1. Return the only residue of VAL64, VAL49 being touching a strand residue (DSSP E or B) at 6+ places or on another chain (Cβ under 7 Å), in a helix (DSSP H, G or I), crowded, with 18+ Cβ neighbours inside 10 Å and aliphatic (A, V, I, L, M).
2. Step by step: first the residues of the stretch 192-206, then only those that are of a type in the set (Asp, Glu) and not in a strand (DSSP E or B), then the one that is nearest to ILE26 (Cα to Cα). Which residue is that?
3. Consider the stretch 142-159. How many of its residues are touching a Leu at 6+ places or on another chain (Cβ under 7 Å) and either open to solvent by 80 Å² or more (accessible area, probe 1.4 Å) or charged (D, E, K, R) (or both)?
4. Select from the stretch 126-141 the residues that are aromatic (Phe, Trp, Tyr), over 9 Å from ILE200 (Cβ atoms) and buried (at least 19 other Cβ atoms within 10 Å of the Cβ) and list them in ascending order.
5. Do you know which of the residues in the stretch 176-231 that are among the hydroxyl-bearing types (Ser, Thr, Tyr) and free of Cβ contacts under 8 Å to residues at least 60 places away in the same chain is farthest from ARG21 (Cα to Cα)?
6. Listed residues ASN109, ASN58; which is open to solvent by 40 Å² or more (accessible area, probe 1.4 Å) and part of a loop (DSSP other than H, G, I, E, B)?
7. Looking at (1) free of Cβ contacts under 8 Å to residues at least 40 places away in the same chain; (2) assigned to a helix (DSSP H, G or I); (3) open to solvent by less than 80 Å² (accessible area, probe 1.4 Å); (4) hydrophobic (A, V, I, L, M, F, W, C), which is the one condition that is false for PHE114?
Amino acid sequence: MGRAFEYRKARKLKRWGNMSRTFTKIGKEITICVKAAGADPAGNSRLRVLLQNAKAANMPKDTVERAIKKATDKDASDYKEIVYEGYGPFGIAIVVETATDNNTRTVANVRSYFNKFGGSLGTSGSLSFLFDHKCVFKITPKEGVSLEDLELELIDYGVDELENDEDSIVLYGAFDSFANIQHYLEDNGYEILSAEFERIPTDYKEVTAEQREQIEKLLEKFEDDEDVQNVFHNMKDDEDAETEE
């Protein structure tokens, strides 16, 4: 239990501390979602979740409205979601998810970051075997429903792991089970606090403190790029070590 949540929690909190960066990320997701399935949350289940994510991040209402309006503006640039994979220094596998209106710029930047820190950009799909692609929901517990009972209910909908996190419950499921899980939670009156997609390493690679410092510099370069939405890696974090003790 906890492998996905502990893997991402510290880095996510650090990145979400930069509110403008967070708003840009969610705003792009909303724009892409609205272009794909419309601006009405009632008929766009993914948009309903993204609006909840925006609320959880304290994203201003006018910023959300601008993201929705941008999707309906015929003159606005189209964002394309592109995934890059490669190895950083010391053999650390890195997956970079982007949303860009200029793929030439984005791929040049991503390649330059890898090269600058002694890594290399690989081909699409080359590292997929090193990560499990999961959907992750954070929900408010319902009075009278135990974690065990909820797990039994959700197994048939694609959930394969649950855990308590302070005053909420975190659910992990297969990537393609997102819609089924969301519909179950909505139909049964659960409050969805957030919902995301994660790439969870199937195995972690240990590094020294000095190696970690160099890898962190590369990860920060990726995360500072406005075209980058998410960065995943298989470096063992301090949190992982603590969890195993």
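1. Details: VAL64 fails: touching a strand residue (DSSP E or B) at 6+ places or on another chain (Cβ under 7 Å).
Of the residues listed, the single one that is touching a strand residue (DSSP E or B) at 6+ places or on another chain (Cβ under 7 Å), in a helix (DSSP H, G or I), crowded, with 18+ Cβ neighbours inside 10 Å and aliphatic (A, V, I, L, M) is VAL49.
2. The first filter runs over the stretch 192-206 and keeps only residues of a type in the set (Asp, Glu), leaving 196, 198, 203, 206.
From what is left, the residues that are not in a strand (DSSP E or B) are 203, 206.
On the way: ASP203: 29, GLU206: 32 Å.
Within the stretch 192-206, the match that is nearest to ILE26 (Cα to Cα) is ASP203.
3. Within the stretch 142-159, the subset touching a Leu at 6+ places or on another chain (Cβ under 7 Å) is 147, 150-151, 154, 159.
After this cut, where a residue has to be either open to solvent by 80 Å² or more (accessible area, probe 1.4 Å) or charged (D, E, K, R) (or both) as well, the list is 151.
Adding up the residues that qualify gives 1.
4. PHE137
5. Within the stretch 176-231, the subset among the hydroxyl-bearing types (Ser, Thr, Tyr) is 177, 184, 190, 194, 202, 204, 208.
Within this subset, residues satisfying the condition of being free of Cβ contacts under 8 Å to residues at least 60 places away in the same chain are 177, 184, 190, 204, 208.
Numbers: SER177: 28, TYR184: 31, TYR190: 29, TYR204: 28, THR208: 29 Å.
Looking at the filtered set, the residue picked out is TYR184.
6. Numbers: ASN109 fails: part of a loop (DSSP other than H, G, I, E, B).
Being open to solvent by 40 Å² or more (accessible area, probe 1.4 Å) and part of a loop (DSSP other than H, G, I, E, B) holds for just one of ASN109, ASN58, which is ASN58.
7. Unmet for PHE114, out of (1) free of Cβ contacts under 8 Å to residues at least 40 places away in the same chain; (2) assigned to a helix (DSSP H, G or I); (3) open to solvent by less than 80 Å² (accessible area, probe 1.4 Å); (4) hydrophobic (A, V, I, L, M, F, W, C): (1).
One line per residue, one yes/no per condition, for (1) under 13 Å from PRO89 (Cα atoms); (2) among the acidic types (Asp, Glu); (3) over 16 Å from the mean Cα position of the chain (by Cα):
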residue	(1), (2), (3)
LEU185	no, no, yes
GLU196	no, yes, no
ASP203	no, yes, yes
GLU206	yes, yes, yes
GLN214	yes, no, yes
LYS217	yes, no, yes
ASP225	no, yes, no
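The values are calculated or read from the model by the stated rules, or taken from the named source; none is laboratory data. For clarity, every value in this text was computed on a predicted model and none was experimentally measured. No Cβ is skipped: glycine too gets one built from the backbone with ideal geometry, and neighbour counts run over all protein chains shown. Protein only, heavy atoms only, side chains kept; ligands, DNA and RNA dropped before computing areas. Shrake-Rupley method; radii C 1.70, N 1.55, O 1.52, S 1.80 Å.
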